[in-house]
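*Asks:* One structure follows; several queries about it will come next.
The values are calculated or read from the model by the stated rules, or taken from the named source; none is laboratory data. Source: prediction; values computed, not measured. Positions of Cβ are generated from backbone atoms using ideal geometry, with glycine treated the same way; all protein chains shown enter the neighbour counts. All accessible areas refer to the heavy atoms of the entire protein, side chains included, with ligands and DNA or RNA removed. Shrake-Rupley method; radii C 1.70, N 1.55, O 1.52, S 1.80 Å.
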Amino acid sequence: MLTIRDLSKSYGSNLALNQFTYSFDHGIYALLGPNGSGKSTLMNIVTQNLKSDNGDILLDGTPIGKLGASYREKLGFMPQYPGMYPSFSALDFLRYMAVLKGLNKKKADEQIDELLHAVELHDVRTHRIGSFSGGMKQRLALAQSLLGDPEIVILDEPTAGLDPKQRIAIRNYIASVALNKTVIIATHVVSDVEFIAREAIMLKKGVISDSGSPYELTQKIEGQVWQTVVAAEEVQAMQEKFRVVNIQNGEQGVILRILSDVKPTEDSVTVVPSLEDYYLHVFGDIL
Amino acid sequence: MLTVKKITKSYRRFRRITPALEPFSYAFDHGLYGILGPNGAGKSTLLSILARNLRPDGGQVLLDGEDVRSRKTGYPARLGYLPQNGGGYPDVSAEDFLRYVAVSKGASRTEAEAQSHAILRDIDLYDCRHDRVASFSGGTVSRLLLAQAFMGNPEVVILDEPTASMDPAWRACARKLMAREAQNRTVLLATHIVSDVESAAREVLLLRRGRLVDSGTPFELTEKVRGRVWGITVYPEEVPTFTARFRIAAMANTKEGVTLRILSNRRPAPEAVAVDPNLEDYYLCFTGELL
C-alpha cells in the first residue's frame, strides 16, 4: 500500500503540486489531466527523481526515505522520454538494467526472456536500440520497468507513439501484470485506462479535482452526453453552440457527440458516457 | 494540386536493404487527407519526401504540374511542415517564432503580425505570446508547432503526428483548427489517433509495409467492415474468455457489466448485436493479424 500525504512542490512561483493526498492499493490507477497539471511532477517525486517541498510518501506505513535502497528495489519506472543507449542491443540493455537493479543473474535472464516475448521484441533482441522505431523503444522501456517484478510500477505515457494495435496489446499486457502490483499510469489516451483502471485521478493545476472508479466518474455525467445526426453544413454551427466531443460520418449525415446539460436538438438521444467524455467535461473549457 | 508519381525509397536497416516505400502514387486536391498505418508502414518516409526533406530513390512530386525540386516552383515558401518530434526551434518568444516562419514564407510584416495574432488566439497562447518558447511545456510547444505549419498561408501543409503529446481537450481543439484550415488548401495528416481524421478527412490512405493498401472517404472505408463489428455486455468474469477468442476493439465498464466491442466475421455470441462501425474498427481489421 502506497500512501501519499500532503505532497507539495513548486517551481519558483508556480505551484506544480498542491497538498496531493491519496492511497494506492493493488491495481491500476490512472492519472489524468492536461499538460502542466502536475502528473510528471508527482511521478518524479514518487520515484525519488525529484524532492518534494513537503509531504510524506509511505510504503506499507514506513516513510520511503527510511526504506532507502529497499524502496527502489520495489519500484519500476518508465519515464516519458526514456533515454536508452543506442549502441546497446535490447538484450544487453535489459541485462545492464538488471545489474543496476541488483538482480540475480540467472533469475534476471529468465525474466528478460519472458519480458522480451511479452513486448514482442524477442526476435530483434540482439539488434541495436539505435535501429529501433519509436514504438519498439517504448515497448523496451516498458519491459525495463517490470524487471525484478517490482511492487510499484510508475508509467508515464506508456502508449505515446504506439499505433492502435500496439496500444491494445500493451494495454492488455499492463492489465495482466497489475493484479498483484500498484501500477500508476499517466496518460493522455483516456481510452487506454478506461477499462483497466481501478481508479482514475483527475489532476487540475496540481490539485485532485476528482477521483473514483471510471464507472463512478462517468455516472456523474449520465444524461449529459448526446448523439445527434446533422447535415454536413450544420456541423460548424453546432460546434459553435455546443461542446462537440466527437464527429463521425454516418449513413444519414454527420454523427455528433455532444456534452450538454440540455437536449441540444429535437432528435438527440442520450448515450452511455465514456471516461473521455468525463475528461472533456472537466477539462474541456477550451472547446 | 499535389501529384505524387511512383516515388520509392529504401533504407538499410538491421543489416538489410528494406524497402520503406514501394512505388507510391496519389493525387491530393484541397482538403484534409489522413494517413494511417502501423509504425514502420512508411508514413514518415512519405511525408518527409513530400516535404522535400528526404530524397526519394525514384519518382516525382509535382505541385500544379511542376516538380517540387525545381527552383521555379518556389515550393519551400508554399509548404508548411511539422515533422515528427519536431523541435530545434530558436529560443525566441512564441509570437516572434510564428512571425519569423510567416516572413520566411514570403508574408509581409503586417500579414505576419495579423496571421500570428489570429492563430495565437486559436491555440489559446495569445496571452503568453511574449513568453520564450523554451519556457513552454511539451504540450504547449506542440500547439505552437502545429500553428507554425499554417503561417504564411501555404498551399500544402504536411503534419506528422501533430497531436501526439496533446491532451484530449487540446486534441479536439486541434482537430477543429485543422478541419478549418484544410478548406482551401491541401493538408496531409499522419496520425495514430484514428479519430483525428475520422470526422474531417476528405480521404484516408492506409499504408502498410511501405505500400498503399487502401484509400477512400472515411465513410467508404468504414462501410467495408459493416456487419463485422459487434457489441455485447458480459460479466467481468467472462471477459478473459472473450479476449482469448476474439479481437476486442474496445471495452468499457457499464452499469450492466462490461461492454465489449468485438471484431469478428461471424456473430461472436447469440446475444451480440451488430453495431455501427467506425474508422478505428476498419483500421484494426485491415492492419492484419491482431494481438
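*Asks:* Looking at segment A:50-72, which of its residues are closer than 21 Å to residue A:185 by Cβ and open to solvent by 60 Å² or more (accessible area, probe 1.4 Å)?
*Replies:* A:72
*Asks:* For segment B:158-210, what are the residues that are under 22 Å from residue B:278 (Cα atoms), open to solvent by less than 30 Å² (accessible area, probe 1.4 Å) and of a type in the set (Lys, Arg)?
*Replies:* If the condition is that a residue be under 22 Å from residue B:278 (Cα atoms), open to solvent by less than 30 Å² (accessible area, probe 1.4 Å) and of a type in the set (Lys, Arg), then B:171 is the only one that fits.
*Asks:* Sort out which residues of segment A:1-15 are in a strand (DSSP E or B) and open to solvent by 10 Å² or more (accessible area, probe 1.4 Å), and write them in order of number.
*Replies:* Answer for segment A:1-15, where residues must be in a strand (DSSP E or B) and open to solvent by 10 Å² or more (accessible area, probe 1.4 Å): A:3, A:5, A:6, A:8, A:9, A:10, A:11, A:14, A:15.
*Asks:* Looking at (1) within 30 Å of residue B:112 (Cβ to Cβ); (2) away from every other protein chain (no Cβ under 12 Å), which one does residue B:163 not meet, given that it meets all the others?
*Replies:* (2)
*Asks:* Give the residue that is farthest from residue B:39 (Cα to Cα), with candidates limited to residues of segment A:127-154 that are of a type in the set (D, E, K, R) and away from chain B (no Cβ under 14 Å).
*Replies:* Taking the candidates together, the pick is A:151.
*Asks:* Which of the helices (runs of 4 or more DSSP H) contained wholly in segment A:23-86 include at least 1 residues that are among the β-branched types (Val, Ile, Thr), farther than 26 Å from residue A:160 by Cβ and touching a residue at least 12 places away in the same chain (Cβ under 8 Å)?
*Replies:* A:64-67
*Asks:* Now for a different question. Closer than 20 Å to residue A:249 by Cβ and open to solvent by less than 20 Å² (accessible area, probe 1.4 Å): is that true of residue B:141 in this structure?
*Replies:* no
*Asks:* Can you tell me which residue within segment A:194-205, out of those that are modelled with pLDDT of 90 or more and within 13 Å of the chain's Cα centre (by Cα), is surrounded by the fewest Cβ atoms within 10 Å (Cβ to Cβ)?
*Replies:* Taking the candidates together, the pick is A:198.
*Asks:* Looking at segment B:105-118, can you tell me whether even one residue there is within 23 Å of residue B:68 (Cα to Cα) and either open to solvent by less than 60 Å² (accessible area, probe 1.4 Å) or in a helix (DSSP H, G or I) (or both)?
*Replies:* yes
*Asks:* Being crowded, with 18+ Cβ neighbours inside 10 Å and within 14 Å of chain A (Cβ to nearest Cβ) is the filter here, so list the residues in segment B:119-138 that pass it.
*Replies:* Listed by number, the residues that qualify are B:120, B:122, B:123, B:125, B:136.
*Asks:* Select from segment A:166-191 the residues that are more than 19 Å from residue B:242 (Cβ to Cβ), surrounded by 21 or more Cβ atoms within 10 Å (Cβ to Cβ) and not β-branched (Val, Ile, Thr) and list them in ascending order.
*Replies:* Answer for segment A:166-191, where residues must be more than 19 Å from residue B:242 (Cβ to Cβ), surrounded by 21 or more Cβ atoms within 10 Å (Cβ to Cβ) and not β-branched (Val, Ile, Thr): A:166, A:186, A:188.
*Asks:* Inspect segment B:275-282 for any residue being open to solvent by 30 Å² or more (accessible area, probe 1.4 Å), more than 9 Å from chain A (Cβ to nearest Cβ), in a strand (DSSP E or B) and of a type outside the set (Phe, Trp, Tyr) and give the result as yes or no.
*Replies:* For segment B:275-282, residues open to solvent by 30 Å² or more (accessible area, probe 1.4 Å), more than 9 Å from chain A (Cβ to nearest Cβ), in a strand (DSSP E or B) and of a type outside the set (Phe, Trp, Tyr): absent.
*Asks:* Still on this model: Of these, A:169, A:98, which one is within 11 Å of chain B (Cβ to nearest Cβ), in a helix (DSSP H, G or I), touching a Leu at 6+ places or on another chain (Cβ under 6 Å) and not basic (Lys, Arg)?
*Replies:* A:169
*Asks:* In addition: Output the number of residues of segment A:141-166 satisfying the condition of being in a loop (DSSP other than H, G, I, E, B) and polar (S, T, N, Q).
*Replies:* Counting residues in segment A:141-166 that are in a loop (DSSP other than H, G, I, E, B) and polar (S, T, N, Q) gives 1.
*Asks:* When you check residue B:180 against the structure, is it closer than 30 Å to residue A:13 by Cβ and in a helix (DSSP H, G or I), yes or no?
*Replies:* Criteria not met by residue B:180.
*Asks:* I'm trying to understand the selection: among the residues of segment A:73-88, which are surrounded by fewer than 17 Cβ atoms within 10 Å (Cβ to Cβ) and among the small types (Gly, Ala, Ser)?
*Replies:* Hits for segment A:73-88 are A:83, A:87.
*Asks:* So, in segment A:206-246, exactly how many residues are within 13 Å of another protein chain (Cβ to nearest Cβ), touching a Leu at 6+ places or on another chain (Cβ under 8 Å) and open to solvent by 30 Å² or more (accessible area, probe 1.4 Å)?
*Replies:* 5
*Asks:* Ok, one more. Could you tell me whether residue B:104 is under 15 Å from the mean Cα position of the chain (by Cα), polar (S, T, N, Q) and within 23 Å of residue B:48 (Cα to Cα)?
*Replies:* For residue B:104, the condition - under 15 Å from the mean Cα position of the chain (by Cα), polar (S, T, N, Q) and within 23 Å of residue B:48 (Cα to Cα) - is not met.
*Asks:* Follow-up question, since we're still on this one. Listed residues B:102, B:20; which is of a type outside the set (Ser, Thr, Tyr), farther than 30 Å from residue A:127 by Cα, in contact with a helix residue (DSSP H, G or I) (Cβ under 7 Å, 6 or more places away or on another chain) and surrounded by 20 or more Cβ atoms within 10 Å (Cβ to Cβ)?
*Replies:* Criteria check complete, one pass: B:102.
*Asks:* For residues in segment B:43-58 being touching a residue at least 12 places away in the same chain (Cβ under 8 Å) and open to solvent by 30 Å² or more (accessible area, probe 1.4 Å), which is nearest to the chain's Cα centre (by Cα)?
*Replies:* Filtering first and then ranking leaves B:44.
*Asks:* Counting only residues that are of a type outside the set (Phe, Trp, Tyr), touching a Phe, Trp or Tyr at 6+ places or on another chain (Cβ under 9 Å) and open to solvent by 50 Å² or more (accessible area, probe 1.4 Å), how many does segment A:96-146 have?
*Replies:* 1
Residue-by-condition table, conditions (1) within 23 Å of residue A:214 (Cα to Cα); (2) out of contact with any Lys or Arg (no Cβ under 7 Å at 6 or more places or on another chain):
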| residue | (1), (2) |
| --- | --- |
| B:240 | yes, yes |
| B:246 | no, yes |
| B:254 | yes, yes |
| B:265 | no, no |
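*Asks:* Tally the residues that are free of Cβ contacts under 8 Å to residues at least 12 places away in the same chain and among the basic types (Lys, Arg), restricting the search to segment A:136-165.
*Replies:* Residues that pass the stated criteria total 1.
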